[in-house]
């Protein structure tokens with residue numbers, strides 16, 4: 001509440017405004033607090049580096065097996081048939097080992113799980129089409145190694161979890177087998193907002209369902225950093241990429257004694273895994289640089305603050321001095337105007353008596369001139 005009237009002290013001042021909640025640093029105590037925040041809380045002692053991940057993906061069949069094709073609404077044994085109103089497309093269902101279903105995946109950061117297959121054979125005029133049997137039941141395996149120019153994680157990956165779009169953990173979604181995280185495909189689809197692959201679009205076209213056209217999922221692996229700079233834990237998040245096509249092609253020569261060349265157009269669930277995050281390493285040079293930078297910034301801020309306060313105090317002093325001189329100036333102007341024109345002064349009380357509001361007696365101009373001549 002008390003204003004600073006005189007010049008600012010030579011040492012930097014601390015201005016604390018409780019009403020605005022503003023604390024301008026300047027004293028050694030405030031400098032120490034800010035330095036602690038910069039170095040310890042903001043981890044100014046670490047060299048932060050972007051994480052580069054080496055991702056391995058795989059696909060495995062469920063332990064409990066697949067659901068029977070006769071129990072799946074999109075499967076029709078033997079081929080043929082048509083869908084009724086409100087149903088998605090109905091095709092024969094086929095299955096095979098996980099490597100066949102994941103073709104042409106190469107085990108890197110991209111995994112393809114087929115849901116719809118179009119097969120052309122050299123001896124066949126039209127394409128033969130089928131759905132993959134219960135692909136949602138398969139399990140997706142993800143293994144990763146995270147590295148940075150000066151930091152490296154060991155083969156024992158940090159603990160992981162799967163989080164929803166709101167950031168909440170999905171319980172029991174990730175199962176760790178050795179160094180591989182295993183997540184059911186249907187869980188990834190549900191977290192991405194795609195619980196039903198057979199849902200028809202607004203147009204109602206049977207060949208536009210997700211099972212027929214496929215979908216692309218982006219799986220982000222975000223890792224949290226510990227105080228020493230290493231990784232403490234990682235989280236998987238899943239979202240759908242709308243404008244990316246989920247299609248692949250496989251070609252070769254037919255096996256089992258058949259010499260026919262074949263080509264397959266596959267639609268399915270394309271999974272793209274990437275790593276995001278930072279790792280850190282302690283360096284004395286980084287710590288010294290953080291200390292010098294903090295000291296220089298605080299010195300500059302305090303210098304600017306004190307300069308501004310000094311100018312503000314000088315301006316207030318000049319304003320107060322101008323207000324005190326206003327009275328004599330106005331009195332001189334009034335005296336100069338009275339020397340040119342007749343003036344009336346306000347009634348004054350003599351002897352401390354009360355001032356009356358009665359009008360003053362006036363003398364006509366002619367009588368005043370006569371009295372002056374006499």
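Read-outs: derived from the displayed coordinates by stated rules, not from any lab. The structure presented is a predicted model; accordingly, all values stated were derived computationally and were not measured. Note that we place each Cβ from the backbone using ideal geometry, even for glycine, and neighbour counts take in every protein chain shown.
Laid out as a table, the results:
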{"read-out": "Segment residue 121-residue 161, extension gain: residue separation times 0.36 nm, minus the distance between their alpha carbons", "value": "10.0 nm"}
{"read-out": "For 142, 55, order by how many other beta-carbon atoms lie within 10 Å, fewest first", "value": "55, 142"}
{"read-out": "Order by protection proxy (mean Cβ within 10 Å, highest first), peptides 160-166, 61-67, 264-270", "value": "264-270, 160-166, 61-67"}
{"read-out": "Computed FRET value (nearest 0.05) for residue 300 with residue 64, which takes r as the C-beta separation and R₀ as 41 Å", "value": "0.05"}
{"read-out": "Theoretical FRET efficiency, 1/(1+(r/R0)^6), r = Cβ-Cβ of residue 232 and residue 320, R0 51 Å, to 0.05", "value": "0.25"}
